[in-house]
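S.K.: Below you'll find the structure I mean.
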Amino acid sequence: MVLKNIDIVLEDEVIKSDVQIKNGKIFKISAEIESDESLDCSGKYLIPGFIDMHIHGIGGHDAMDGTVEAVTSMSKEVLKRGVTSYLPTLLTESVERIHSGFEAVKTVMGMDIENTADIIGVHMEGPFFCDEFKGAQNPKFLQYGTLDTLEALVGNYWDILKILSAAPERIEFSVIQKLKEKGVIASIGHTSADSELVEEASLFGMTHCVHLYNGMKGLHHREPGTAGAILNNDRIHAELILDGIHVHPKMAKLAYKCKGNKLSLITDAMRATGLQDGKYDLGGQDVFVKGYEARLANGSLAGSTLTMDRAFKNALKFLDSGIIGAVKLTSTNAADELGLTSKGRIEVGRDADLLVVDREYNIEKIIKAGKIIS
């Protein structure tokens with residue numbers, strides 16, 4: 001298949017060219033490629049498929065449901081929004097329920113199911129968090145992180161764990177070292193850590209941040225807090241929920257200026273995403289959804305109903321990122337953070353996980369593994 005006359009968004013420029021796809025890969029990028037199977041894409045952009053590092057649920061399903069059906073449905077639903085790779089995210093619950101979530105994800109990862117996004121692994125959000133900034137994490141199951149509690153939490157699922165988020169003050173630093181040894185990204189989140197502790201933890205290898213600004217000590221001119229420390233630390237890669245609710249657009253723009261290629265947009269979406277307003281469940285707690293807001297009964301934000309196609313448009317709207325910047329925020333930066341050498345960029349030899357978007361940045365075609373799925 002050849003995509004003709006399309007504006008290809010590369011890492012530093014946009015070029016008009018043809019793109020040939022073979023065997024699920026980008027085979028050739030050149031002008032005037034001849035093919036019996038071609039699609040005229042004049043006036044359209046070609047961008048890499050989105051990568052969501054942090055999503056709990058969508059379309060009535062949640063990774064914590066612990067079923068193959070739930071994870072499979074999530075994988076189908078996120079692809080419809082342009083997400084070609086993602087990390088189902090588990091949260092603070094009983095170890096038994098967490099293991100059920102792990103098992104369901106691992107089972108689906110071993111299956112060959114058409115029209116689904118690739119699962120890169122699991123993002124484990126919790127349970128080593130502080131009570132003050134727990135947000136929607138269930139306080140009943142919060143723990144202190146030691147090597148023993150870490151091993152009990154992960155069990156036999158080290159092979160699919162990609163990110164583990166914890167509060168630096170709620171873990172022994174041996175936990176960070178163990179995660180590094182296992183190739184797992186240690187992430188800061190739901191924490192009251194001051195700037196000195198964040199700096200110390202990053203030197204040990206805690207080099208990721210779960211949803212910047214949310215669930216952490218905020219900025220102050222006499223104590224940078226968790227958020228200020230992360231903004232100033234070039235070792236730390238930060239996630240951001242860009243829905244206009246979790247973070248004020250001007251604070252989001254500050255994060256973009258400070259973090260650059262060390263910033264990735266996530267959805268942090270929960271099961272109500274794509275559904276009508278009402279009462280839903282997140283980690284055993286009731287969540288009330290109205291409009292685009294998802295909150296606990298006490299008013300705390302509880303995940304989001306954001307989708308990555310909306311986040312992409314919000315990057316252009318709120319951050320003045322331009323389309324090259326928006327692609328980095330929704331794909332390239334996450335690929336780099338996760339070590340995905342075959343995704344996140346449009347280059348020969350990489351996976352043909354691609355999106356064709358119009359001049360209003362609406363997705364017109366989703367291409368997964370070289371196949372047009374919509």
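The values are calculated or read from the model by the stated rules, or taken from the named source; none is laboratory data. What you see is a predicted model, and the numbers here were worked out from it, not measured in a lab. Backbone-built Cβ (ideal geometry, glycine too); neighbour counts: all protein chains shown. Areas reflect the complete protein model, heavy atoms only, side chains present, ligands, DNA and RNA absent. Shrake-Rupley method; radii C 1.70, N 1.55, O 1.52, S 1.80 Å.
S.K.: Long-range amide H contacts for M216: which residues qualify at under 5 Å (H placed 1.01 Å from N, peptide plane, sequence gap of 5 or more or a different chain)?
M.R.: HN-HN under 5 Å from M216: T191.
S.K.: Tell me the accessible surface of K44 in square angstrom (1.4 angstrom probe, heavy atoms of protein chains only), to the nearest ten.
M.R.: Using a 1.4 Å probe on the heavy atoms, I get roughly 50 Å².
S.K.: Could you run the Karplus curve 6.51 cos²θ - 1.76 cosθ + 1.60 with θ = phi - 60° over region 53-59 and give me ³J(HN,Hα) per residue in whole Hz, x for Gly and Pro?
M.R.: Along region 53-59, the couplings run 7, 8, 8, 8, x, 6, x Hz.
S.K.: Another question, if that's okay. For H54, list long-range residues whose amide hydrogen, built 1.01 Å from N in the peptide plane, is under 5 Å from its own amide hydrogen.
M.R.: When sequence neighbours closer than 5 places are left aside, the close amide H contacts are L87, T267, D268.
S.K.: Grab the DSSP H runs of the chain that are 4 residues or longer, score each as -39,500 (n - 2.57), total them, divide by all residues and round the 222 nm result to the nearest 500 deg cm²/dmol. List each step's numbers first, then the result.
M.R.: Details: 10 runs with 97 residues, N = 374.
When only DSSP H runs of four or more count, the value is -7500 deg cm²/dmol.
S.K.: Same structure, new question: Roughly how many whole Å is it from the C-alpha centroid of region 157-234 to that of region 303-374?
M.R.: 26 Å
S.K.: Placing one identical point scatterer on every Cα of region 185-293 and ignoring solvent, what is log10 I(q)/I(0) from the Debye formula at q = 0.14, 0.19, 0.20, 0.24 Å⁻¹?
M.R.: The Debye formula, applied to the Cα set alone, gives -0.60, -0.95, -1.02, -1.27.
S.K.: Multiply the residue gap between R222 and L275 by 0.36 nm, knock off their C-alpha separation, and tell me the result in nm, one decimal place.
M.R.: Length gained between R222 and L275: 14.8 nm.
S.K.: Let me ask something additional. Which order do you get for H208, H221 if you rank them by accessible area with a 1.4 Å probe, largest at the top?
M.R.: Working: H208 0, H221 150 Å².
Output order, biggest surface exposure first: H221, H208.
S.K.: When you count, for each residue, the other Cβ atoms within 10 Å and take the mean per peptide, how do 224-230, 278-284 rank with the highest first?
M.R.: Final packing ranking: 224-230, 278-284.
S.K.: Run through every distinct alpha carbon pair of region 310-374 and return the Kirkwood hydrodynamic radius in angstroms, one decimal place.
M.R.: 12.5 Å
S.K.: Provide Rg and Dmax in Å for the chain, with only Cα atoms included in the calculation.
M.R.: 20.0, 65
S.K.: Efficiency by 1/(1 + (r/R0)^6): what FRET value for I113 and E200, r their Cβ-Cβ distance, R0 = 35 Å, to the nearest 0.05?
M.R.: E between I113 and E200, to the nearest 0.05, is 0.20.
S.K.: Any idea which of V9, L301, P249 is furthest toward the positive side of the dipole for the chain, if Lys and Arg beta-carbons carry +1 and Asp and Glu beta-carbons -1?
M.R.: The Cα lying farthest towards the positive end belongs to P249.
S.K.: Take the alpha carbon gyration tensor of region 133-210, find the square roots of its eigenvalues, order them as a ≥ b ≥ c, and report rounded if a/c is under 1.5; if not, report prolate when a/b exceeds b/c, else oblate.
M.R.: It comes out oblate by the Cα gyration axes.
S.K.: Can you list the lysines whose alpha carbon is less than 22 Å from that of K25, not counting same-chain residues fewer than 8 positions off?
M.R.: Of all the lysines, those that pass the test against K25 - Cα under 22 Å, at least 8 places apart if same chain - are K4, K16, K44, K76, K80, K328, K343, K365, K368, K371.
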